[in-house]
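A short write-up of the structure that comes next.
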Amino acid sequence: MKKRSWFAAMLVSVCMLILAACGGEEASTTNEGEDSGEKKELRVVTDAAYAPFEYMKGDKVVGFDVDFINAVAKEAGYDVKIEHVGWDPIFVEIESKRADLAISAITVNDERKESYDFSRNYFLSTNKILVPESSDIQSGEDLKGKTVAVQTSTTGQEATEALLGKNHKDIKKFENNNLAIQELLQGGADAVVADNTVVEEYVKNNPDQKLKVVEDSDSFEQEFYGLMFPKGSKLKTEFDEAINTVFDNGKYEEIYKEWFGSEPDLETLKAQQ
Ligand code: ARG
């Protein structure tokens, strides 16, 4: 009896060893599979309330930025999953490294560079003023004494504060830019300050709202968008290379034309880093 149970125990452990060996082999096969083709999926965060760069169409995020990041990620050898989290949360997600990168018409500036890494510039932008057609506002200076709606923590807020004063009572801050535009339409604000492409597209697509865009290159600087990464991310170099490739192989131009119906200023973009 004793001998038999010893034998049974031996048999069990031998079987377990064999199983373990098999399991090990299985695991290594999976790894090999990953190396030879399966792409890593990156978590990309955005604030999808900024048409035409990113906005919700049903439950899908669409826009220029979406097509652009898909093309660039493909070039860099990654799959991407784009998630609408809202503007302020983007910065939290990236700082805590819960997301791999953010694309959201994000202007690269020195203050943000202290906390995040950015890709090379991929889009040229500037703030402009959205007002009713009948408005007498003709410049940034004219915003003084008026109520201005902006999206919180954007360069639009910053530029408006530079004119009116930090935390000025006449600046109304909203969680997203669509809410700022709503405020203007309802008469709660005299103007919205936001990225030119966004306000220009809005006017073009909503002729019945009777709005116009005011440009003022003295009050509003030239800006550039970049992809935003957690500090030290190794993705930066890979994505910079991939952006250069889509600049050179015609893909950027193709996507740009699809969304804006015009040629991009690739020379200015390429001259930037
Ligand atoms: N370019 C501006 C900035 O970086 C506004 C961007 C807002 N983007 C958005 N998806 N809401 O501050």
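Using a 10 Å cut-off on Cβ atoms, rank the peptides 258-267, 177-186 from the highest mean neighbour count down.
Ranking the peptides 258-267, 177-186 by packing returns 177-186, 258-267.
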Roughly speaking, what is the centre-to-centre gap between region 78-129 and region 131-175 when only Cα atoms are used, to the nearest Å? 23
Once whole DSSP H runs in the chain are found, which of them have Cα atoms spread over 27 Å or more along the helix axis and a mean Kyte-Doolittle score of at least -0.5? 2-35
Going by average Cβ neighbours within 10 Å, how do the peptides 58-68, 245-255, 203-213 rank, with the highest at the top? 58-68, 245-255, 203-213
What pairs from LYS81/LYS234; LYS81/LYS257; LYS144/LYS172 go past 20 Å between their alpha carbons? LYS81/LYS257
Beta bridges per DSSP with both ends in the chain, % antiparallel, nearest 5: 60
Over all pairs of different Cα atoms in region 44-143, the reciprocal of the mean inverse distance gives a Kirkwood radius in Å of 15.3
Set Lys and Arg Cβ to +1 and Asp and Glu Cβ to -1, take the dipole of the chain about its Cα centre, and tell me which of THR155, ALA271, LEU130 lies farthest positive. THR155
If HIS84, HIS168 are ordered by their accessible area, calculated over protein heavy atoms with a 1.4 Å probe, which sequence runs from highest to lowest? HIS84, HIS168
Identify, among LEU211, VAL80, TYR55, the residue whose Cα sits farthest towards the positive end of the charge dipole of the chain, taking +1 on the Cβ of Lys and Arg and -1 on the Cβ of Asp and Glu, with the dipole about the Cα centre. VAL80
A student applying the Cα gyration tensor rule (rounded when a/c is under 1.5; otherwise prolate if a/b is larger than b/c, oblate if not) would label region 130-203 rounded
Given a cut-off of 31 Å, name the pairs among LYS57/LYS173; LYS128/LYS270; LYS97/LYS210; LYS146/LYS204; LYS39/LYS270 whose C-alpha atoms lie farther apart than that in the structure shown. LYS97/LYS210
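The values are calculated or read from the model by the stated rules, or taken from the named source; none is laboratory data. Treat the numbers as computed from the prediction; the structure is a model and nothing was measured. A quick note on method: Cβ atoms are made from the backbone with ideal geometry, for glycine too, and the neighbour counts reach across all protein chains shown. Please note that ligands, DNA and RNA were not included when accessible areas were found on the heavy atoms of the full protein model with its side chains. Shrake-Rupley method; radii C 1.70, N 1.55, O 1.52, S 1.80 Å.
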